[in-house]
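Data block below; observations after.
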Amino acid sequence: MSEIVDYLDGVGFTDYADGYKAKCYDTWGIYIFNVKESKLIDKHLHDTVEYKVESVEDVKRILEKKGIMSATNSLHYQLCVEGAKWLRRRKHDYKKCEKKPCHKGEFCRHCLSFKYVAVELNTYCTEQTDVWGYDGNVTAVIEVKTSHSDFLADSKKWWRSDESKECGLQAGMLRWYLCPSGVINADELPSGWGLLYWDGKNIEHVVAPTPFENTLKSDMRILYSLLRREGFKEKIYNYRGTNTTIKPKAVLDVDEMKPLDSDISNIVSEHLFDMV
C-alpha cells in the first residue's frame, strides 16, 4: 500500500481528507484514492467509477487509459523525455546568434538553457503540461503531439481558451509544439507558439515562440509542486545565518499615551505661534 501512496504522491496526488488522496485531471474531474480500502475513485461531473487497485501497475494502467499519463513505451512519452533533454541540455549556439542576433525580434532563443525541467508534472488547478522548464527568469512548456488529429484537438482544450488565459492558468512564457517531422505545419501554429521536429534521432528547431503573458500563477503552482515533491521543507529560510538580537519595544498603554499626546500638542502650538 505504501508503494501506491508514494507513487501517487509522485504524480501529483495530494492529501484530500483523512485517509484520502486526490488529484484533479480536468476542469470537472477528480481522482480520489481511498487509502484504507485501496480504491481509486474517478469522480466526474456526470458519473463516478470505482477501481480496486492492488499494485502500482494497476494505478498506472488506469491513469494511462484515462490519458492522465502516457504509456511508458509510447511515442508520446519518448518525445516528452527528448523534449525535456532539449530544454535542459541546450548550450549557447553562437553561430545561430550571429545569424539572428538577440536585438532582432525574430531571434531563435537557442541561448536559453533551462535548469529545472519536469516531465508530465500534473498538479492542481493549472495546465497539465507534457514538459515544463524554468531557467531562473523564463518558463517554458513543450506540448507533445504524435498525430495531426491530436494537434487539432489541442485547440479545443479549456486550457487554450481565453477564459483560462484571463484567469492566469496557462503555463509557460515560451511554448513549443514537439512532433515527428512534418506532422504539424508552421502555418498552422497558434499565435505565439514555436515548433520543434523530431526526426527519430534529434530535435530540429523550426519556429521560434514569442513570449506569453499572465502565466505567473500557473508557473508558480507548478514550481511549488516541484519543490514539495523534491523534499523542500516548508519553513523560513534565513540566508543571513544569524538571528537578530534586537528586541521590539513594548507598546505603550493608552493611559501612558495621553501625556505624550498632550506634550506633542503643546509643542505644535508653540511652533505655530512662533510662525505667526
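The values are calculated or read from the model by the stated rules, or taken from the named source; none is laboratory data. All of these numbers come straight from a predicted model, not from anything done at the bench. Neighbour counts run over all protein chains shown; Cβ positions are idealised from the backbone, glycine included.
With the requirement that a residue be in a loop (DSSP other than H, G, I, E, B) and either out of contact with any Lys or Arg (no Cβ under 6 Å at 6 or more places or on another chain) or at pLDDT 85 or above (or both), what does the stretch 107-122 give you? The answer is Arg109, Cys111, Leu112, Phe114, Lys115, Glu120, Leu121, Asn122. Look at the stretch 40-53: where a residue is in the same structural domain as Gly19 (by TED's automatic domain parsing) and a partner is acidic (Asp, Glu), sitting 6+ places away or on another chain with Cβ atoms under 7 Å, you get Ile41/Glu50; Thr48/Asp42; Val49/Asp42.
Could you tell me whether the stretch 151-158 includes any residue that is of a type in the set (A, V, I, L, M), surrounded by 11 or more Cβ atoms within 10 Å (Cβ to Cβ) and modelled with pLDDT of 95 or more? Checked against the condition, which is being of a type in the set (A, V, I, L, M), surrounded by 11 or more Cβ atoms within 10 Å (Cβ to Cβ) and modelled with pLDDT of 95 or more, the stretch 151-158 yields no hits at all. Exactly one residue out of Ser181, Ser147 is small (Gly, Ala, Ser), assigned by TED's automatic domain parsing to the domain that holds Leu79 and out of contact with any strand residue (DSSP E or B) (no Cβ under 6 Å at 6 or more places or on another chain): that is Ser147. Listed by first and then second residue, the pairs linking a residue in the stretch 133-160 that is more than 10 Å from Cys179 (Cβ to Cβ) and without any contact (Cβ under 8 Å) to a residue 12 or more places away in the chain to a residue that is of a type in the set (Asp, Glu) and surrounded by fewer than 20 Cβ atoms within 10 Å (Cβ to Cβ), with Cβ atoms under 9 Å apart and 6 or more places separating them unless they lie on different chains, are Leu152/Glu188; Lys157/Asp26. Of all residues in the stretch 127-136, exactly one satisfies the criterion of being assigned to a loop (DSSP other than H, G, I, E, B) and β-branched (Val, Ile, Thr), namely Thr129. The number of residues in the stretch 169-202 that are more than 12 Å from Ile142 (Cα to Cα) and over 23 Å from the mean Cα position of the chain (by Cα) comes to 14.
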